[in-house]
Amino acid sequence: MKQLMACLTFDFDGMSGLVARGLTSPTPVSRGEFGAVALPRILDMLKRYDIKSSFFIPGVIVHTYPQLCERIVAEGHEVGNHGWSHIPTGNLSAAEEEDELLRGTEALFKFTGKKPVGYRSPSWDLSPNTVDILLRNGFLYESSMMAHDHEPYRVRQGDVVELGKPMVFGKETDLIEMPISWSLDDFPHFEFLRLPNSVSPGLQNASGVLENWLNDFEYMRRTCDWGVLTYTCHPYVIGRGHRMLMLESLIEGLIEKGANFITMEGAVHAWLARETQNV
Ligand SMILES: [Zn+2]
């Protein structure tokens, strides 16, 4: 029997991602602030369809919006670590990166009463130290890499990557990867972002994005008996009216295709159970 799952994940970044890029003036701050308007809309929709999701929240946002974070947990959703201040790990020393991770966990524990088992790096950028730090701190899974589309896998440690030489793959670890993709992330499709050295155009028509997102699930359905596809949304992005309609159509379309909605933690345990049975 086929077992096809979908993880709807939400990175509740608020203004932290913009602030971490140096955008601290009132307009970018207000742009992130819209996430707090959008979040209850998303929670209401998830409740209507009885879907449990995984939310990744930086510590500074947990402290900015404690009641919203408490509501996320009270409604049965998983909450994962997304660092403290949304600074990409590549910009941090190993000690700073571990401090960000631990402060993020502390904030989540304080307001949700739960220690996160999953981690998603800010801006999907792992440093060479991240895997060691996550293993040392007992994380079950991480979700920032792209080596598969719809199957979790074990994260490696000790790869040797040198220009002009074949890859030397390191050893597999106990840390499980829940792979992601920019194509299944709302941000690059929808957000116009002007930075000193780049412009991301975004602002795409939601119907085209919806078609892509459903077709990735359709491909999995046609080619696999077991799989889990992860979608990544940000409340301040997906929360605009036409995109909320798209999210609703995505949920309806996935239900029609036989998707089971599951949290990231649930999907990792399902994969581990399958690995144990050696199916
Ligand atoms: Zn983020």
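Values in this text are rule-based calculations from the coordinates and carry no lab data. In this text the structure is predicted, and so the values were computed from the model without any measurement. Note that each Cβ is placed from the backbone with ideal geometry, even for glycine, and that neighbours are counted across all protein chains shown.
Observations on the structure shown:
- Of all residues making up the range 37-60, the number that are within 26 Å of A6 (Cβ to Cβ), touching a residue at least 40 places away in the same chain (Cβ under 8 Å), aliphatic (A, V, I, L, M) and assigned to a helix (DSSP H, G or I): 5
- Residues of the range 232-270 satisfying the condition of being of a type in the set (S, T, N, Q) and in a helix (DSSP H, G or I): S249
- Of all residues making up the range 130-154, the number that are under 14 Å from V117 (Cβ atoms) and not in a helix (DSSP H, G or I): 8
- Matching residues, the range 1-59, being among the β-branched types (V, I, T) and either within 15 Å of the ligand (Cβ to nearest atom) or closer than 22 Å to L254 by Cα (or both): T9, V19, I42, I51, I57
- Identity of the residue in the range 211-245, surrounded by 22 or more Cβ atoms within 10 Å (Cβ to Cβ) and of a type in the set (A, V, I, L, M), that ends up nearest to the chain's Cα centre (by Cα): L229
- Taking the range 77-88 as the range and being away from the ligand (no atom under 15 Å from the Cβ) and farther than 18 Å from C233 by Cα as the test, no residue passes.
- Residues of the range 117-132 that turn out to be within 14 Å of the ligand (Cβ to nearest atom) and of a type outside the set (S, T, N, Q), as a count: 7
- Set E191, E248, E211: member being free of Cβ contacts under 8 Å to residues at least 12 places away in the same chain and within 30 Å of V37 (Cα to Cα): E211
- Extreme residue, farthest from A147 (Cα to Cα), among residues of the range 205-231 that are part of a helix (DSSP H, G or I) and β-branched (V, I, T): V209
- Matching option when the condition is of a type in the set (S, T, Y), within 21 Å of D50 (Cα to Cα), surrounded by fewer than 20 Cβ atoms within 10 Å (Cβ to Cβ) and more than 16 Å from the ligand (Cβ to nearest atom), among S249, S183, S198, S207: S249
- If you go through the range 63-82 and keep only what is buried (at least 17 other Cβ atoms within 10 Å of the Cβ) and either touching a Ser or Thr at 6+ places or on another chain (Cβ under 7 Å) or in a strand (DSSP E or B) (or both), you end up with C69, H77, E78, V79, G80, N81.
- Whenever a residue of the range 80-93 is touching a residue at least 60 places away in the same chain (Cβ under 8 Å), its partners that are of a type in the set (V, I, T) and surrounded by fewer than 24 Cβ atoms within 10 Å (Cβ to Cβ), lying with C-beta atoms within less than 8 angstrom and at least six residues away or across chains, give the pairs G80/V117; S85/V19; S85/V60; H86/V19; H86/V60.
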